[in-house]
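Engineer: Okay, here's the structure, questions in a sec.
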Amino acid sequence: AETSGYVQTNKMWCLKSEDATPVQKEGPPGMNGNAYFTFLAAPDNTLWVVGGYQYSASGSQQYYDQVYQYNISTDEWIEKPKLDKKMYYHNGAIYNKGSKYMLYIFGGYDTNSGQYLNEVRVYNHSMRGSDIDLGKWQTLSLNSSYTYNYLSGVVPVSDRDEIYLFSSSGGASWKFNVKDEKFTSISSYSGCSWSRTGYWARKESVIAWAGDNGTVLKYDLDKQTASGI
């Protein structure tokens, strides 16, 4: 249904690799449009949608704690254990380790308390068998003053047991050690403001980023320094 310029839809689109033809697919059931959710691509040929909210020009809103996994091969959505909170503005990454991977969700805005969160939520998923999950969502309370929201990029570096979080404000950025479950502040590039939207790629020890503001940056994992390109 279309309302005053807003379109409430539960659709997604994909491109055929052979000719780049756009194909419309059904989105997650039970989510009639979604914004500020986390969307993740997993190594087992699936996609994940975590949380978010629906909004309209009339001011009505619906918040989500639902989590869905989409099987690309079978074109099926599978509902997974819900988050413990209805939330949005969170960011996420998939940490891949052998026959399993973990979903990490950083921060978020808790719609019940009206507070930004300084928590990390973790979900373990096994790729053995047809669909075997290793547990429910676990919440890590890190006693940190940072809330890890509005990030420009979240980049998993699984071979180093780290996840890098880059701020969209050009301010503090961090690396999260998966084994120690601790954050460490890392060097930020003060020559620009990281835009909210960007595209990340990693090759060996360098993470490169191209933002929608025309900036191209790189972060050296060995030197732990950021610079412009």
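The values are calculated or read from the model by the stated rules, or taken from the named source; none is laboratory data. Values in this document were obtained by computation on a predicted structure and should not be read as measured data. Side chains included, ligands, DNA and RNA excluded: accessible areas come from the protein's heavy atoms. Shrake-Rupley method; radii C 1.70, N 1.55, O 1.52, S 1.80 Å.
Engineer: Could you state, as a whole-number percent, how many of the C-alpha pairs of segment 35-92 are farther apart than 19 Å? Working shown, then result.
Structural biologist: Working: 554 of 1653 pairs.
Tail of the P(r) past 19 Å holds 34 percent of the pairs.
Engineer: Probe 1.4 Å, all protein chains in place: accessible area of Asp180 in Å², nearest 10?
Structural biologist: Taking all protein chains as shown, Asp180 has close to 100 Å².
Engineer: Could you order Trp174, Trp13, Trp77 by accessible surface area, starting with the largest, using a probe radius of 1.4 Å? It would help to have the intermediate numbers written out before the result.
Structural biologist: Details: Trp174 15, Trp13 155, Trp77 50 Å².
Correct descending sequence by accessible area is Trp13, Trp77, Trp174.
Engineer: Here is a further query. Once amide H atoms are built 1.01 Å from N in the peptide plane, which residues 5 or more positions from Lys80, or in another chain, come under 5 Å H to H?
Structural biologist: Hits under the 5 Å cutoff: Val67, Tyr68, Gln69.
Engineer: What accessible area, in Å² to the nearest ten, does a 1.4 Å probe give for Phe106?
Structural biologist: 0 Å²
Engineer: Let me ask something else. At 0.36 nm per residue, minus the direct Cα-Cα distance, what do Ile78 and Glu18 gain on full extension? Give it in nm, one decimal, please. Mind dumping the intermediate values first?
Structural biologist: Numbers: separation 60, 0.36 × 60 = 21.60 nm, distance 2.72 nm.
Fully extending the segment from Ile78 to Glu18 adds 18.9 nm.
Engineer: Lysines within cross-link reach of Lys97: Cα-Cα under 17 Å, excluding same-chain residues under 8 positions apart?
Structural biologist: Lys179
Engineer: For the pairs Lys175/Lys223; Lys175/Lys218; Lys80/Lys182; Lys203/Lys223, flag any whose C-alpha to C-alpha distance is greater than 20 Å. Write out the running numbers ahead of the final one.
Structural biologist: On the way: Lys175/Lys223 13 Å; Lys175/Lys218 15 Å; Lys80/Lys182 27 Å; Lys203/Lys223 15 Å.
Over 20 Å Cα-Cα: Lys80/Lys182.
Engineer: Turning to a different aspect of this structure: Which order do Glu26, Glu204, Glu162 take by accessible area at a 1.4 Å probe, largest first?
Structural biologist: Working: Glu26 105, Glu204 145, Glu162 25 Å².
The ranking, largest first, comes out as Glu204, Glu26, Glu162.
Engineer: Using a 1.4 Å probe on the protein heavy atoms only, what accessible surface does Trp48 show? Give it in Å² to the nearest 10.
Structural biologist: Spelled out: Trp48, probe radius 1.4 Å, area about 0 Å².
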